1. All but one of (1) under 12 Å from Pro76 (Cβ atoms); (2) in contact (Cβ under 8 Å) with a residue 40 or more places away in the chain; (3) surrounded by fewer than 22 Cβ atoms within 10 Å (Cβ to Cβ) hold for Asp13; which doesn't?
2. Return the only residue of Val239, Val221, Val206 being under 19 Å from the mean Cα position of the chain (by Cα), among the aliphatic types (A, V, I, L, M) and within 16 Å of the ligand (Cβ to nearest atom).
3. Identify, please: which residue in region 172-200 is closer than 21 Å to Ala100 by Cβ and open to solvent by 30 Å² or more (accessible area, probe 1.4 Å) and is, among those, nearest to the chain's Cα centre (by Cα)?
4. Tell me, which residue of region 203-219 that is in contact (Cβ under 8 Å) with a residue 24 or more places away in the chain and open to solvent by less than 80 Å² (accessible area, probe 1.4 Å) is nearest to Met103 (Cα to Cα)?
5. Is it true that Gln188 is at pLDDT 95 or above, within 30 Å of Glu165 (Cα to Cα) and either among the charged types (D, E, K, R) or away from the ligand (no atom under 16 Å from the Cβ) (or both)?
6. Return the residues of region 108-133 that are farther than 21 Å from Pro37 by Cβ and not aliphatic (A, V, I, L, M); say none if nothing qualifies.
7. Please find, among Leu134, Leu74, Leu90, Leu118, the residue that is open to solvent by less than 50 Å² (accessible area, probe 1.4 Å) and either touching a residue at least 40 places away in the same chain (Cβ under 8 Å) or of a type in the set (S, T, N, Q) (or both).
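The values are calculated or read from the model by the stated rules, or taken from the named source; none is laboratory data. Fair warning: this is a prediction, and the values are worked out from it, not measured in the lab. Note: ideal-geometry Cβ built from the backbone for every residue, glycine included; neighbour counts use all protein chains shown. These area figures cover heavy atoms from the full protein model, side chains too; ligands, DNA and RNA do not enter into them. Shrake-Rupley method; radii C 1.70, N 1.55, O 1.52, S 1.80 Å.
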Amino acid sequence: MPGVSLMWIEAPDIAASAKPGQFIMIQCGDDTLLRRPISIHRIDGSKLAVLYAKLGRGTLWLSKQKENALIDVLGPLGNGYVIGDDTENLLLVAGGMGIAPLMFLAETATAIGKNVKLLMGAQKAEMVLPGSMLPTGIQCMVTTDDGSMGIKGRTTDILPDYIGEADRIFACGPAPMYRTMHKYNLLQNKPCQISLEIRMACGMGVCYGCAIKTKQGLKQVCHDGPVFDFDDVIWDELVDI
Ligand code: FES
């Protein structure tokens, strides 16, 4: 995946308590203002993985760190996905880098015997997470914008075909993906949890830089989220994120 890095971090305390959908703040460089929120991609024993796009100064710095480098990491932060005892069949919808936290959820769900289907969308074939990195036992359908792999189109194009068999939907992707779900009522009133990818400053509920309007009032994405019930978000008032 060009422009994307995978990094494993030895962090026993975080690895022991992290839940799918939670994130960590990583200090990128000497500048404390350069803490970056990055979702937890996977856990393996005392290690956690992050999968991130090298989009700016901070993530570029991070991607250049060598093996055994010491980095400053804070977490786990935020509220993650809740599978629920009444959920046997999970439908995961990943748009672009939204696949990062959903892998952790898929691994957690399959480990407790749940059925997992994944709709994974990317711009083109080379931006699709390799099948060898997916947990065994999950069913995966791929869409690409240019049709270079899987079905040509977006995950939201095929979502209606899979919604019927799902008990609950778990999504992570860019705001336009959620807006399409909302505009065309693609969820057909099925319960859905989404993770919001939003800019954060403090990451700990201090600065209110990440506040959004919900039916329960103003909420902080870093502290109350990043995972929210889809129906709680007031989509018409969500400024572009
Ligand atoms: Fe500061 Fe959420 S980023 S309150």
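1. Failed condition: (2).
2. Going through Val239, Val221, Val206 in turn, the sole match is Val221.
3. Among those residues, the one meeting the criterion is Glu197.
4. Gly203
5. Answer is no for this residue.
6. Scanning region 108-133 gives Thr110, Gly113, Lys114, Asn115, Lys117, Gly121, Gln123, Lys124, Glu126, Pro130, Gly131, Ser132.
7. Leu90
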